[in-house]
């Protein structure tokens with residue numbers, strides 16, 4: 001039997017149940033609309049930033065702007081960035097957003113040695129207010145979505161940031177063990193590149209080391225700084241691996257030349273040479289090869305004074321496979337043999353491909369010994385065409 005004092009209580013519970021049901025319905029319907037609008041806005045923001053960034057990258061290439069001449073303050077750079085902003089805005093509007101909903105921002109950095117801080121960022125922010133129908137019953141706040149997408153564009157940069165001689169060991173100077181060292185009274189002349197060492201830079205004796213068209217950089221320690229031109233500068237960071245890594249070639253390719261070291265003599269036909277043993281080029285020897293990659297499987301290379309060595313890297317087009325575009329000499333992973341450049345006069349002239357933004361004379365993974373140009377009265381000359389991307393590179397892993 002129900003007492004009169006208890007009648008009507010079910011209505012109270014029913015009201016709360018209805019409110020809860022309406023709230024969950026509003027959350028399901030309007031929440032789904034808010035989420036769908038957010039996904040659409042995010043996709044539009046992504047597409048806008050990619051569009052603007054793509055045009056910036058394209059016009060950097062078309063304007064021949066690379067790592068070396070990248071300058072945020074130039075009018076050309078301002079015009080390129082402005083056009084990127086226009087294309088990002090245009091793409092966002094093409095996805096049914098109006099000007100008041102779109103904000104495109106850019107940030108340009110060109111901090112010298114900080115190779116990881118040379119870039120343009122383009123960001124697109126889109127604000128989308130979702131028109132809801134029920135959620136206001138339980139929620140009085142804004143249902144606007146604010147989304148942002150950022151694309152970073154870096155200028156092209158050559159292998160090892162365009163340096164001609166690179167030592168990757170990050171340790172300080174310790175005897176004759178680490179870094180880049182220049183001995184005797186040799187003249188080392190670099191045209192179209194510079195010198196970089198992640199650790200030690202040392203001049204011993206009275207060498208004359210000239211990289212007047214590039215720069216000389218060290219990260220940890222320098223000894224004999226007065227022997228270098230221009231004066232060495234201390235860099236804040238070591239080279240990251242992505243600036244110098246190159247995948248090895250395929251010596252099983254039918255077009256590869258698998259030869260002993262004594263076959264590297266005279267005139268070489270273009271292509272990939274997978275070489276077993278130590279290459280020794282002595283006085284009065286001549287080695288000429290255009291469009292060649294020498295891949296050292298288990299030996300090193302010694303080039304002595306009085307030799308004539310004229311080598312050029314393969315071009316990128318037509319495809320030189322299995323040879324590597326821009327690579328002249330490369331050692332196989334695990335090959336710890338030395339590359340020695342000594343002599344009594346000009347040793348050799350090495351030219352790079354004009355079509356590439358990376359060129360490597362010597363690629364030496366995993367070795368623990370430095371590459372040391374040295375002689376009693378000699379000259380090492382690395383030459384490259386005078387283009388913004390030109391450099392010939394000796395790299396030593398230590």
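Residues in region 87-107: is at least one closer than 28 Å to residue 238 by Cα and modelled with pLDDT of 85 or more? Checked against the condition, which is being closer than 28 Å to residue 238 by Cα and modelled with pLDDT of 85 or more, region 87-107 yields at least one hit. Among residues that are under 24 Å from residue 92 (Cα atoms), free of Cβ contacts under 8 Å to residues at least 24 places away in the same chain and surrounded by 14 or more Cβ atoms within 10 Å (Cβ to Cβ), residue 58 is included.
The set of residues in region 223-237 being in a strand (DSSP E or B), closer than 15 Å to residue 165 by Cα and free of Cβ contacts under 8 Å to residues at least 24 places away in the same chain consists of 229 alone. Does at least one position in region 227-238 carry a residue that is in the same structural domain as residue 340 (by TED's automatic domain parsing), buried (at least 18 other Cβ atoms within 10 Å of the Cβ), in contact with a helix residue (DSSP H, G or I) (Cβ under 7 Å, 6 or more places away or on another chain) and at pLDDT below 85? No: region 227-238 contains no residue that is in the same structural domain as residue 340 (by TED's automatic domain parsing), buried (at least 18 other Cβ atoms within 10 Å of the Cβ), in contact with a helix residue (DSSP H, G or I) (Cβ under 7 Å, 6 or more places away or on another chain) and at pLDDT below 85. Checking 341, 311, 347, 354 one by one, the residue that is out of contact with any strand residue (DSSP E or B) (no Cβ under 6 Å at 6 or more places or on another chain) and at pLDDT below 85 is 354 and no other. When residues in region 179-221 are screened for being under 27 Å from the mean Cα position of the chain (by Cα) and in a loop (DSSP other than H, G, I, E, B), 14 of them pass. Is it true that some residue in region 247-257 is modelled with pLDDT under 80 and in a loop (DSSP other than H, G, I, E, B)? The answer is no, given that none of the residues of region 247-257 is modelled with pLDDT under 80 and in a loop (DSSP other than H, G, I, E, B).
Note on region 77-87: among residues that are within 25 Å of the chain's Cα centre (by Cα) and surrounded by 14 or more Cβ atoms within 10 Å (Cβ to Cβ), the one that is farthest from residue 59 (Cα to Cα) is 85. Criterion first (assigned to a strand (DSSP E or B), assigned by TED's automatic domain parsing to the domain that holds residue 149, surrounded by fewer than 14 Cβ atoms within 10 Å (Cβ to Cβ) and at pLDDT 90 or above) does residue 71 satisfy it? So residue 71 does not fit the description; no. Residues that are part of a loop (DSSP other than H, G, I, E, B), within 26 Å of residue 221 (Cβ to Cβ) and either at pLDDT 70 or above or in contact with a strand residue (DSSP E or B) (Cβ under 6 Å, 6 or more places away or on another chain) (or both): does region 129-142 have at least one? Checked against the condition, which is being part of a loop (DSSP other than H, G, I, E, B), within 26 Å of residue 221 (Cβ to Cβ) and either at pLDDT 70 or above or in contact with a strand residue (DSSP E or B) (Cβ under 6 Å, 6 or more places away or on another chain) (or both), region 129-142 yields no hits at all.
A quick yes/no check of all residues on (1) more than 27 Å from residue 203 (Cα to Cα); (2) free of Cβ contacts under 8 Å to residues at least 40 places away in the same chain:
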residue: 263; (1), (2): yes, yes
residue: 287; (1), (2): yes, yes
residue: 303; (1), (2): no, no
residue: 313; (1), (2): yes, no
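Against the conditions (1) at pLDDT 80 or above; (2) surrounded by fewer than 16 Cβ atoms within 10 Å (Cβ to Cβ), residue 333 satisfies every one except (1).
The values are calculated or read from the model by the stated rules, or taken from the named source; none is laboratory data. Just so you know, these numbers come straight off a predicted model, no measurement behind them. Virtual Cβ from ideal backbone geometry, glycine too; neighbours counted across all protein chains shown.
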